[in-house]
Amino acid sequence: MAIVAAFRGLRYNPAEVPDLGVVVAPPYDVISPQAREALLARSPHNSVRLILEAGADRYALSARRLAQWRACGILVRDAEPAFYVVEDHYHVKDATGHDVERRRLGLVALVRIEPPEARVILPHERTLSGPRADRFHLMSAVNAHLSQVFLLAPDKDGAFEAWLEKLTAGEPGVSFSEPEGASHRLTCLTDRLVQEEIRALLAPRPLLIADGHHRYETARAYRDLRRERDGGIRQDGRAPYDYVMATVASMDDPGTTVLGYHRVVRKTGLSPEVLRARLESRFAVTRVARAGEPAACERLLTAMCEGASRGETAIGMVLHGDEGLYVASRPKGPGEPILDRLDVSVLHRAVFEELLGMTEEEVREQRRIDYTPDPDLALARVTVGSHAAAFLLNPTPPGEVLAVAQAGLVMPQKSTYFYPKLLTGLVFHPMDPGDLL
């Protein structure tokens, strides 16, 4: 069963930081050097100074800064354990490229770290050693959870989403906006009876890791280290390091957006004519638009969605030196294993491995492939010639991701792009000496 706990969050002091919009930041792994500079320019107390410092002593610097901000009252700890509800309003392009407005509700809580064999917290992607080591060094230095893991709870009856709606309706909260346009509200829930309802509601549900696989693995490694250091004194699951800070959202909330995560190949080693001919031996390849036409990208995405609605694998394709925009499609076998049915698996196996000869190591280390959730950017890279081909993917529905995870399988890396990314800076979880849950 999933065990969640309220906690005394560490938050920005509104007397010192009246606008949360200038101190929040996206996850560290999507922050470019240019974006980092822009975040630093917003406020000297932007949370990027904690999660993404520079230099050889960056972890120690983050730890000193966290301690300084607490000492001078920039960050203050809540007096009572709480759950926190985050409400996000944002704009995004849907699967056909049209702009839509959506809202997402999420519960910020501590979630107990479970052994993999318990099948309670379910990953769907492999992790890489480099990011794990980086986040482990940071957590060990600051002794805190600075960012959240994003978890999805199955919610076909809508009970979890309805419960979040009911609890936040009319409640006072902290509202703010980001310069990019998204708006947010953070509500603090300290009522003990309400907290018990939350625990009971989430207890029977498996939780899918939507985003933050490296953060979850880091928290597990840190827990094991602390247990070893403590000599096994605390084995009752009440130590703060037995948990990871997470945002839990409804898997069935329409505001939970998954974007297609497109692949842009630097070199194919084949002419566009030869590559297209080889693809035609494995797929039905249909030209649906011409590069440069009005709304060409939207037409390509729409054709891909139509293929998916027919139960087909439908992969968008653009080749440098060929002005056509194509859909490569083929029927899905009714008896195929769940992992083999996914478009991303078909692309990696039938195209990258079998047609282009990419090795698993080349894919894992991103030697020939770049990734983007932006279809316009993918097409632009091919148009200017920096890349030889772009392969566009329909979003993988969360239910299919859950089915893969429940089967104990993992998808190819960067198979999903959940949007919007969780914000760092809303609340932190310090693991102070003497804390118990």
Quiz item: With all pairs of different alpha carbon atoms counted, what Kirkwood hydrodynamic radius in Å does the range 219-316 show?
Solution: 19.1 Å
Quiz item: Seen from all sides and averaged, what is the projected area of the convex hull of the Cα atoms in the chain, in nm²?
Solution: 21.8 nm²
Quiz item: In the P(r) worked out for the range 375-421, what percent of Cα pairs fall beyond 18 Å?
Solution: 47 percent
Quiz prompt | Rounded tilt (10° steps) of 375-384 against the dominant C-alpha axis of the chain | solution = 50 degrees
Quiz prompt | Cα convex hull of the range 212-265 - mean projected area over all directions, nm² | solution = 6.2 nm²
Practice problem: For the chain, find the longest principal axis of its Cα atoms and tell me its angle to the long axis of helix 213-229, 0 to 90°, nearest 10. | Solution: 40 degrees
Practice problem: Grab the DSSP H runs of the chain that are 4 residues or longer, score each as -39,500 (n - 2.57), total them, divide by all residues and round the 222 nm result to the nearest 500 deg cm²/dmol. | Solution: -9000 deg cm²/dmol
Quiz item: Using a cut-off of 12 Å between alpha-carbon atoms, which aspartates and glutamates can reach K267, once sequence neighbours fewer than 8 places away in the same chain are excluded?
Solution: D370
Practice problem: Sticking with the crude label model, points 7 Å out along Cα→Cβ, report the distance from L61 to K332 in nm, one decimal please. | Solution: 4.7 nm
Quiz prompt | Dipole axis of the chain (+1 Lys, Arg; -1 Asp, Glu on Cβ), positive-most option in Q195, P172, G255 | solution = Q195
Quiz item: Nearest 10 degrees, 0 to 90: what angle lies between the long axis of helix 58-71 and the longest principal axis of the chain (Cα atoms)?
Solution: 40 degrees
Quiz item: Can you give the three extents of the C-alpha atoms in the range 120-263 along their principal axes, from longest to shortest, in whole Å?
Solution: 46, 46, 31
Practice problem: Could you check how many percent of all C-alpha pairs in the range 326-437 are farther apart than 17 Å? | Solution: 67 percent
Quiz item: Can you sort E312, E161 by how many other beta carbons sit within 10 Å, fewest first?
Solution: E312, E161
Practice problem: Return P(r) of the range 74-147 (all Cα-Cα pairs; 10 Å bins starting at 0; whole %; ordered from short to long distances). | Solution: 12, 25, 36, 24, 2
Quiz item: Over the Cα atoms of the range 1-157, what Rg and Dmax result, in angstrom?
Solution: 17.6, 50
Quiz item: Cβ under 12 Å from V344's Cβ, V344 left aside: what net charge do those residues give with Lys, Arg +1 and Asp, Glu -1?
Solution: 0
Self-check item: More than 27 Å apart - percent of Cα-Cα pairs taken over the range 261-394
Solution: 12 percent
Quiz item: Farthest toward the dipole's positive end in the chain, which of L10, A303, P373, given Cβ charges of +1 (Lys, Arg) and -1 (Asp, Glu) about the Cα centre?
Solution: L10
Quiz item: Among the trypsin sites (Lys or Arg not before Pro) within the range 339-434, which fall in a DSSP loop and have no more than 12 other Cβ atoms within 10 Å of their own Cβ?
Solution: R367
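Throughout, read-outs are computed from the coordinates displayed, never taken from laboratory work. None of the values given here were measured: they were computed from a predicted structure. Cβ: placed from backbone, ideal geometry, glycine included. Neighbour counts: every protein chain shown.
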